[in-house]
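Got a structure for you, questions after.
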Ligand SMILES: [Zn+2]
């Protein structure tokens, strides 16, 4: 289960933020705005054309359902705006799904392949670690695999769990997040894994990061996903092995039918039942985040972007011809 759990009341968090930062700053529910690194909240809206053409994103998820829950609307938005995208699944999801362990692995693998297609991603990588056991994985091995992929795919932007999100209890989430965080900058260093360069790769630091979380988080970016909500619903529905999207609309419809009941919202066919189940029951957080910012549906992140160089800025403004 990957729903967000928020601590305390929004008023309590607002009071915390006001104490730390002074009044007048915007706070998202669940966001803790400390004195270090506090930034203005940015609302990211749909852009026309293909402003991101030529850029590459990697949607990284420990499990097959993480991106569908927390970032599918934003990933779909960026793909529509020109990004080329890849999906990286870190575990084999062998603890979450139907049948035997082998059945579970197979079902999640198929879901993940379908998710990549649904989001318009051009490729998917499975790192194939055991589910729930990532705290026994070598941190440097995991980091080196991300560095290799960032250099190979020329990744500009990643989506991943927030390595500094609070109260995360799944080791697959926080171990992955910490490895990705360090890989993002180490992949830009020529002394890290020089054999990659000998094999023909080039260094490539990752400049933009969208960190999602299921607990309290320092939120500085809210993305309007109303234009891509249908794709997010599709992403929730292809996640059949572990839901809670998948075929749950069909299951609810059939369970009610045995009781002589029906829900009009579930429509008259399987696809409609699943999609409307997702729309009506699985988007409450997206509606709530959106409501706070005047949007119909939104996803929220801690975003880290490229930082302008003070030297470059100064040279641009002050350099004169010899
Ligand atoms: Zn997960």
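The values are calculated or read from the model by the stated rules, or taken from the named source; none is laboratory data. Fair warning: this is a prediction, and the values are worked out from it, not measured in the lab. Using ideal geometry, Cβ is built from the backbone for each residue, glycine included, and neighbour counts are taken over all protein chains shown.
Just a yes or no: is a residue in the range 80-101 outside any loop (DSSP other than H, G, I, E, B), farther than 22 Å from residue 279 by Cβ, assigned by TED's automatic domain parsing to the domain that holds residue 204 and out of contact with any helix residue (DSSP H, G or I) (no Cβ under 8 Å at 6 or more places or on another chain)? Can you show your working first?
Going through the range 80-101, the residues outside any loop (DSSP other than H, G, I, E, B) turn out to be 80, 84-91, 101.
If we keep only those that are farther than 22 Å from residue 279 by Cβ as well, we get 84-91, 101.
Checking the rest, the ones that are also assigned by TED's automatic domain parsing to the domain that holds residue 204 come to 84-91, 101.
Filter once more, keeping what is out of contact with any helix residue (DSSP H, G or I) (no Cβ under 8 Å at 6 or more places or on another chain): 84, 101.
There is at least one residue in the range 80-101 that is outside any loop (DSSP other than H, G, I, E, B), farther than 22 Å from residue 279 by Cβ, assigned by TED's automatic domain parsing to the domain that holds residue 204 and out of contact with any helix residue (DSSP H, G or I) (no Cβ under 8 Å at 6 or more places or on another chain).
Sticking with this one: Please work out which residue is surrounded by the fewest Cβ atoms within 10 Å (Cβ to Cβ), limiting yourself to the range 192-215 and to residues that are within 16 Å of the ligand (Cβ to nearest atom) and assigned to a loop (DSSP other than H, G, I, E, B).
Restricting to residues being within 16 Å of the ligand (Cβ to nearest atom) and assigned to a loop (DSSP other than H, G, I, E, B), the top hit is 215.
What do you reckon, is residue 283 closer than 23 Å to residue 63 by Cβ and within 22 Å of the chain's Cα centre (by Cα)?
Details: closer than 23 Å to residue 63 by Cβ: yes; within 22 Å of the chain's Cα centre (by Cα): yes.
Yes; evaluated as a whole, the condition is true for this residue.
Within the range 53-79, restricting attention to residues that are more than 10 Å from the chain's Cα centre (by Cα) and assigned to a strand (DSSP E or B), which residue is surrounded by the fewest Cβ atoms within 10 Å (Cβ to Cβ)?
That would be 56.
Can you find even one residue in the range 106-117 that is modelled with pLDDT of 95 or more, over 23 Å from residue 301 (Cβ atoms), surrounded by 15 or more Cβ atoms within 10 Å (Cβ to Cβ) and within 15 Å of the ligand (Cβ to nearest atom)? Break it down into steps so the answer makes sense when it comes.
Going through the range 106-117, the residues modelled with pLDDT of 95 or more turn out to be 106-117.
Now narrow it down to the ones that are over 23 Å from residue 301 (Cβ atoms): 106-111, 113-114, 117.
With the extra rule that they be surrounded by 15 or more Cβ atoms within 10 Å (Cβ to Cβ), the set shrinks to 106-109, 111, 113-114.
Then keep just the ones that are within 15 Å of the ligand (Cβ to nearest atom); that gives 108, 111.
Yes; the residues of the range 106-117 include at least one that is modelled with pLDDT of 95 or more, over 23 Å from residue 301 (Cβ atoms), surrounded by 15 or more Cβ atoms within 10 Å (Cβ to Cβ) and within 15 Å of the ligand (Cβ to nearest atom).
Let me ask you something else. For a quick check of your reading of the model, give me the residue pairs whose first member lies in the range 45-66 and is touching a residue at least 60 places away in the same chain (Cβ under 8 Å) and not assigned by TED's automatic domain parsing to the domain that holds residue 155, whose second is assigned to a helix (DSSP H, G or I) and away from the ligand (no atom under 16 Å from the Cβ), with beta-carbon atoms closer than 8 Å and at least 6 apart or on different chains.
If the second residue must be assigned to a helix (DSSP H, G or I) and away from the ligand (no atom under 16 Å from the Cβ), no pairs are left.
Shifting gears a bit: Go over the candidates 136, 168 one by one and state the one that is under 16 Å from the mean Cα position of the chain (by Cα) and assigned by TED's automatic domain parsing to the domain that holds residue 192. So that I can check it myself, show each step before the final result.
Numbers: 136 fails: under 16 Å from the mean Cα position of the chain (by Cα).
Among 136, 168, only 168 is under 16 Å from the mean Cα position of the chain (by Cα) and assigned by TED's automatic domain parsing to the domain that holds residue 192.
Ok, one more. Would you check which residues across the range 167-191 are surrounded by fewer than 18 Cβ atoms within 10 Å (Cβ to Cβ), assigned to a loop (DSSP other than H, G, I, E, B) and more than 16 Å from the ligand (Cβ to nearest atom) and list them?
188, 189, 190, 191
Among the listed residues 99, 85, which satisfies the condition of being at pLDDT 95 or above and surrounded by fewer than 22 Cβ atoms within 10 Å (Cβ to Cβ)?
On the way: 85 fails: surrounded by fewer than 22 Cβ atoms within 10 Å (Cβ to Cβ).
Criteria check complete, one pass: 99.
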